[in-house]
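Computed from the coordinates by the stated procedures, all read-outs in this text should not be read as laboratory data. On a predicted model such as this, the values are computed, not experimentally measured, just so you know. All Cβ positions, glycine included, derive from the backbone under ideal geometry; neighbour counts span all protein chains shown.
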Amino acid sequence: MRHRILYIQYTNPACYPALEHSSQILAKNAWKVLFLGTGCFGGADIFDFPDNPNIEMRRLRFCIGGWKQKFHYIWFSLWAIWHCLWWRPRWIYASEPLSCPIALMLSYLSRIKIIYHEHDSPDLQQNVSGFTKYVLKARKDLALKSELCVLPNEERMKKFIQETGRAGDTFCIWNCPRLEETTPQRKLPRNRELTLYYHGTISRDHLPFGILKAVSKLPSEIILKIIGYETVGSSGYVSELKKEANRLGIAERIEIINPMSRYQILEYCSNGDIGLAFIPMKSQDTNNINKTGASVKAFDYMALGLALLVSDLPDWRKMYVEPRYGLACNPEDPEDIVRVLRWFLEHPEETREMGERGRQKILSEWNYERQFEPVSNIINRS
């Protein structure tokens, strides 16, 4: 059927805002959208998309690693193939390496067109298992066979083309919010309270102890609210944060909120002042090194009219600080964080102007409707 598109992802698709955005845009253009995914580890398992009559999600239950997961993946693959042959979509939207073998197989079984959207680039330098080598081979083959490929960062896109030899249409599409997610222009606060917000995966890399130490050295008007979830690699970190807050005597100024879906997070965070978007100052991870454009948090905060506090790295300064959407600091240096937060506290009007400047940028340019337009045009013409 012409107006059917099938998304395949071997995890919870609602963990990836870009999938929500593209599907919502396509649904408005009369496409019927079906997501096939699974559960995932921890609090992110509850994530869901906002209701839309043209969008349906079906998920298998999460299966932890080991031999059971290998059988689970085989079952998921067969399940996805059956849905494709039964539902007969016009397009397959494969959106991470583990979906590549499935999408590649489907491309041989039918004349369906394929989009491959890679959110996080795999590390090709480490020693990998036989199965991972199989997945990476499928990724390369799918990159050559897909009608379209999408990546969220320019450097990642260049690396992807070099690794796979892809010559077809490949787009860099930033992880911006949709226009409807922007909030109305905000007014200056009536009091001196300054609310810091963080949402996303809760880990030492993205929310180091330095922010707690900085809050402890500043007036009680500064509070920190955290909405997020632990991953396999950061399990137990929430407890560590709570212990550190208690040790510093600021437990009443640190609020850690249970995980919630992204559309609910945006409603909750809309009354904040500063959005925290930290990445490590030094990293070997290509996804951290090439994060601008791919970082969902920074764009989300801008859509809500929050000023940004980002890591003091050259590309982040150029993208967010030089246009005056926020300020930068070393997230591993409490004194540097104190310096910047004190400036925000003492300059409420300028802080709110930064937030409004960012909100206007989302409305004029950094929105997913504009970013996704080259892809949606191709899909709609098919």
> So for the chain, taking the charge dipole from beta-carbon charges (+1 Lys/Arg, -1 Asp/Glu), which of ILE227, VAL375, LEU308 sits furthest toward the positive end?
Replying inline: VAL375
> Taking only Cα atoms, what is the 0 to 90° angle, nearest 10, from helix 130-145's long axis to the longest principal axis of the chain?
Replying inline: 80
> From the residues TYR198, TRP82, LEU26, which one has its Cα farthest along the dipole of the chain in the positive direction, the dipole being from +1 and -1 charges on Cβ of Lys/Arg and Asp/Glu about the Cα centre?
Replying inline: TRP82
>> To the nearest 20 Debye, how big is the dipole of the chain about its Cα centre, given +1 on the beta carbon of each Lys and Arg and -1 on that of each Asp and Glu?
In response: 1240
> Can you pick out the pairs among LYS159/LYS318; LYS140/LYS318; LYS159/LYS282 whose Cα atoms lie more than 29 Å from each other?
Replying inline: LYS140/LYS318
> Near HIS199, within a Cβ-to-Cβ distance under 10 Å, what is the net charge of the other residues, with Lys and Arg +1 and Asp and Glu -1?
Replying inline: +2
> How much net charge surrounds GLY37 when only the other residues with a Cβ under 14 Å from the Cβ of GLY37 are counted, with Lys and Arg +1 and Asp and Glu -1?
Replying inline: -2
> Considering the values (i) 21.2, 64; (ii) 20.2, 60; (iii) 22.3, 71, which represents Rg and Dmax of the Cα atoms in Å as calculated for the structure under consideration?
Replying inline: (i)
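What does the charge dipole of the stretch 179-364 about its Cα centre add up to, to the nearest 20 debye, if the Cβ of each Lys and Arg holds +1 and the Cβ of each Asp and Glu holds -1?
For the stretch 179-364, the charge dipole is close to 140 debye.
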> Using the Cβ atoms and a cut-off under 12 Å, what net charge is assigned to the surroundings of GLY233, where Lys and Arg are +1 and Asp and Glu are -1?
Replying inline: -2
>> Shape verdict for the stretch 178-294, please, from the Cα gyration tensor: rounded (a/c under 1.5), prolate (a/b greater than b/c) or oblate.
In response: oblate
